[in-house]
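Encoded as structure tokens, the structure appears first; notes follow it.
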Amino acid sequence: MKNKKIGIMGGTFDPIHNGHLFIAEQVRIKYNLDKVLFIPSGQPPHKDGLNVSEAIHRYNMVNLAIASNDYFFSSLIEIDRKGNTYTIDTLKQLKTVYLDSEIYFIVGYDTIETIHTWKDYELLPEYTRFVVVSRTTQSAGNLINLTEDFLDKVDFFETPVIDISSTEIRQNIYNNKSITYMVDNQVERYIYKHNLYRAR
């Protein structure tokens, strides 16, 4: 029996948007993943001091957004962990659940450029491969802070991307502009029902 292949999409997801979903589906198809696990962060250390929506809202929006895709799942693994949440701790915990699975961590090029600042970053390749998604051809040339051993576990995947950001969505709501087609329609309804992003 072949090992399962698990994709990981981590993020604040404040809110999750159609760009996240599109990228996850493109990577799933390219790498023939058995599932993609969306993991909303608890309190991300790189966003200390910033106003992040309550975890339960972000988690609920993820579930609404992925409901129509049988390959997409969500996890509370970081939300349930108290205090700052670090990727290395998440990957260690996931490996106890998916013992013989191959894990593919989906990130953008901007993330891989700064990953050397993450806690215990040099240990990350022991637990996962990285799929670096970008709209243009990228290479390891600019990643001078990463070792060759680390880069051996990094794949570069060029694919169209939907130019949407969670920041833009929040700003649109605050400024009474439309977010239709930027997020799943169930997510849009949830945002307005719970009056999210109306204040700064």
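Summary table below
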{"quantity": "Pair list, Cβ < 6 Å and 6+ apart or interchain, from the range 160-183 residues that are closer than 24 Å to R135 by Cα to residues that are of a type in the set (F, W, Y)", "calculated": "I162/F22; R170/Y197"}
{"quantity": "Residue list for the range 10-40, filter: part of a loop (DSSP other than H, G, I, E, B) and among the aromatic types (F, W, Y)", "calculated": "F13"}
{"quantity": "Selected residue [within 22 Å of I23 (Cα to Cα), at pLDDT 95 or above and not small (G, A, S)] from T167, T136", "calculated": "T167"}
{"quantity": "Top-ranked residue of the range 21-43 - restricted to ones that are at pLDDT 95 or above and closer than 17 Å to I79 by Cβ, ranked as surrounded by the most Cβ atoms within 10 Å (Cβ to Cβ)", "calculated": "P40"}
{"quantity": "Residues of the range 187-200 that turn out to be loosely packed, with under 14 Cβ neighbours inside 10 Å, closer than 21 Å to H20 by Cα and not hydroxyl-bearing (S, T, Y), as a count", "calculated": "1"}
{"quantity": "Evaluation of K92 against (1) under 20 Å from P15 (Cα atoms); (2) modelled with pLDDT of 95 or more (one fails), failing number", "calculated": "(1)"}
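The values are calculated or read from the model by the stated rules, or taken from the named source; none is laboratory data. Please read all numbers here as calculations on a predicted model, not as lab measurements. Here Cβ is always computed from backbone atoms with ideal geometry, including for glycine, and neighbour counts include all displayed protein chains.
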